[in-house]
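The values are calculated or read from the model by the stated rules, or taken from the named source; none is laboratory data. Computed from a predicted structure; not experimentally measured. Cβ placement follows ideal geometry from the backbone for every residue including glycine, while neighbour counts extend to all protein chains displayed.
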Amino acid sequence: MIILPARLEDVPRLVRFRVDAAAWLTPMGIDQWSAPFPAEHIAASVIAGEVFLVKENEESAAVATVTLDQNIDPEIWDLWTTEERAEPALYVHKLAVDRHYSGRGLGGQLLDWAGDRAARHGARWLRLDAWTSNTRLHQYYLQQGFRHVRTTADPDEVSGWLAQRPARPAEHGFDDRTAPALRPLPPLGDHHP
């Protein structure tokens, strides 16, 4: 399998990942990703070089995706402490695997790739926030070596389960066709996005 940066023509597939995931989660009583996500937001992340795809080969359809950036969702900015925000970290967003490829460890490989990329960027942490009510997802991330940091007490915040694991080099198993991450992370600072 190869991993490569997404392109603008991949945006419909990226939207489809979310739609398919929501359709799979809904019968389990989980409303994660049930609200449509604006394609223009996904396109902006693609243009910024933050969205990556996993494919069997260059010509095949994408079978998984992840967004990896330095951005804390503004709605949960204050859940990370000032000290935590000052630490170099990359954040995992929108991790999705096509249901036909589930159960093959592809999500774990993507997290290992993300942790490896974060380490090459000079990050100390690989972080994420997860849907607060999706305890099955929490367990998955804990099994992938993440440590629960805290969960929001705000009942209106749907994605406030925070977790992190150390960024570290990893043998992720992908043919990595992304640009090397050589520049160090700039400080995030304490300004609200």
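Below, the figures for the structure above:
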| read-out | value |
| --- | --- |
| Criterion: modelled with pLDDT of 90 or more, of a type in the set (Asp, Glu) and touching a strand residue (DSSP E or B) at 6+ places or on another chain (Cβ under 9 Å) - qualifying residue of 83, 87 | 87 |
| Single match in 116, 175 (criterion: charged (D, E, K, R) and in contact with a strand residue (DSSP E or B) (Cβ under 6 Å, 6 or more places away or on another chain)) | 175 |
| Of residues in segment 40-75 being within 13 Å of the chain's Cα centre (by Cα) and in a loop (DSSP other than H, G, I, E, B), the one farthest from residue 157 (Cα to Cα) | 50 |
| Contacts under 7 angstrom Cβ, first residue in segment 149-167 being in contact (Cβ under 8 Å) with a residue 24 or more places away in the chain and surrounded by 16 or more Cβ atoms within 10 Å (Cβ to Cβ), partner of a type in the set (Ser, Thr, Tyr) and assigned to a loop (DSSP other than H, G, I, E, B), 6 or more apart | 152/132; 157/132; 158/132; 159/132; 160/132; 160/152; 161/132 |
